[in-house]
Amino acid sequence: MEFEKSITLRRLEPFGVVLEPNTERADVMTLNIETLRELFWKEHLLVLRGFNTFQSSQELSNYCDMWGEISLWPFGAVLELMEQDNPQDHIFDHSFVPLHWDGMYREQVPEYQIFHCVKAPLPGQGGRTTFSNTLLALEFAPPSIRELWSRVTGHYRRRMEFYNSKTVSPIIAEHPHRGHAVLRYNEPHAGWQGRFINPPELNFFGLPPEELADFHLGLKEALYSPRNFYAHEWQSGDVVIADNFTLLHGREAFVSKSPRHLQRVQVHSDPPFQNSGLEFYK
């Protein structure tokens, strides 16, 4: 690839790559987007570390615009992810966030999740962002387990400041543009021992009620298996670009009042993927 002479590429385990510059003061804006996009489609997770990045949310938005059409929210393009003093939702608290995919409650589902770490937590404070590669989970699952998963459909309802929506999706779904199977799942928060603000309503159908507990346990084991799961420990300035069509993502809990501050922008595929499972959106 054209940036190989100036960039060190290091593989993550079990998936994804880290790109680091070989020279000081390298600017993330100079990286060729189409070369990065080809690597993204192959690896599903890119970590750009050690580059000069963004001094404002507008600079981040300008960069993300190079990747494609930005998914706009009532607050604009950039979501500021940090703990709030009186959070009304778990994404603004310091609790864990279950594995899920973004855009499940909106009219269009973005392909690219672009995160920028403004300030990382201190070592030992937690707050890693978690990713599960559903292609790998399906690859390693025995045929009998895949058949079990294929029988289940999730019904999801979420009410928060930005929407009041319900969506329906089979656990095994089709990648929007590539035709192969992926997993779509919002992990239940049951079992979390701490405070969990404004949980979604989750219902699953296709199996007898007495079999659903084993279904959730088996799927959780697959998604968190070391063969499929990666947890990203943030460094200030990191830019992470994640495949929202293939991966599920979440967050580990972190120490309250730690300096964790991420920015997130969602970017659509070309063409944008219409959310066929959305039953209503307000």
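The values are calculated or read from the model by the stated rules, or taken from the named source; none is laboratory data. Note that the structure is predicted; figures quoted are calculated from it, not measured. Neighbour counts run over all protein chains shown; Cβ positions are idealised from the backbone, glycine included.
In the stretch 106-126, the qualifying residues are those that are under 14 Å from the mean Cα position of the chain (by Cα) and part of a loop (DSSP other than H, G, I, E, B), and the one that is surrounded by the fewest Cβ atoms within 10 Å (Cβ to Cβ) is Pro110.
Find the residue count for the stretch 158-202, including only residues that are outside any loop (DSSP other than H, G, I, E, B), closer than 22 Å to Leu212 by Cα and small (Gly, Ala, Ser). Break it down into steps so the answer makes sense when it comes.
First pass over the stretch 158-202, keeping only residues outside any loop (DSSP other than H, G, I, E, B): 158-160, 163-170, 172-174, 181-183, 201-202.
From what is left, the residues that are closer than 22 Å to Leu212 by Cα are 158, 166-170, 172-173, 181-183, 201-202.
Subset that is small (Gly, Ala, Ser): 169, 173, 181.
Residues flagged as outside any loop (DSSP other than H, G, I, E, B), closer than 22 Å to Leu212 by Cα and small (Gly, Ala, Ser) within the stretch 158-202 amount to 3.
Within the stretch 211-249, being over 18 Å from Ala181 (Cβ atoms), surrounded by 18 or more Cβ atoms within 10 Å (Cβ to Cβ) and of a type in the set (Asp, Glu) holds for one residue alone: Asp238. All of Thr134, Thr130 fail the test of being surrounded by 22 or more Cβ atoms within 10 Å (Cβ to Cβ), modelled with pLDDT of 95 or more and of a type in the set (Ser, Thr, Tyr), apart from Thr134.
Go through the residues of the stretch 97-105 one by one and say whether even a single one is in contact with a Lys or Arg (Cβ under 8 Å, 6 or more places away or on another chain) and assigned to a strand (DSSP E or B). Steps first, please.
Within the stretch 97-105, the first condition is being in contact with a Lys or Arg (Cβ under 8 Å, 6 or more places away or on another chain), and the residues that meet it are 97, 101, 104-105.
Those left that are additionally assigned to a strand (DSSP E or B): 97.
Looking through the stretch 97-105, at least one residue is in contact with a Lys or Arg (Cβ under 8 Å, 6 or more places away or on another chain) and assigned to a strand (DSSP E or B).
Residues of the stretch 223-282 that are of a type in the set (S, T, N, Q) and at pLDDT below 95: Ser276 alone.
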